[in-house]
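Data block below; observations after.
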Amino acid sequence: MNGAKLEGIIQSALKKLKGVEAVVLVTPDGFPISSNMDPDKSERISAMGASFVSLAKRVAEDMRHGKLKKVVVHTDRGKVVCVPLEDGTSMILLVE
């Protein structure tokens, strides 16, 4: 995917999804591909988000509960939503 397409994905998520504050596209091994966050925060969120997705995929497989659709972490200030994409990457959304 080229930079313009990645930026389009991020901008689309920010516009279309209510309450989304930040978006990071992440490699399967936890590196940020594209983000609207500062680089340091993006790197930390990417590593943690990829770990969430990897672990949740294994749990779903081990429990024979089908394909993982998303991981949602609820906090006092909002949610972190980790969505695995078809190409092996993931989209991490910070939602108000």
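The values are calculated or read from the model by the stated rules, or taken from the named source; none is laboratory data. This is a predicted model, so every value here is computed, not measured. Because the Cβ atoms are built from the backbone with ideal geometry, glycine has one as well, and the counts that use them run over all protein chains shown.
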- Note on the structure: For the range 25-49, the count of residues that are touching a Pro at 6+ places or on another chain (Cβ under 8 Å) and under 12 Å from residue 85 (Cβ atoms) equals 2
- How about the range 21-42: which of its residues are of a type outside the set (S, T, N, Q) and over 12 Å from the mean Cα position of the chain (by Cα)? 21, 29, 37, 38, 39, 40, 41
- Any residue in the range 15-37 that's free of Cβ contacts under 8 Å to residues at least 60 places away in the same chain and under 17 Å from residue 52 (Cβ atoms): show its pairings with residues that are of a type in the set (Ser, Thr, Tyr) and assigned to a loop (DSSP other than H, G, I, E, B) at Cβ separation under 9 Å, as long as the two are six or more apart or on different chains. 33/27; 33/89
- Query: With (1) closer than 23 Å to residue 16 by Cα; (2) of a type outside the set (Lys, Arg); (3) at pLDDT 95 or above as the list, and residue 47 as the residue in question, which single condition is left unmet?
  - Reply: (1)
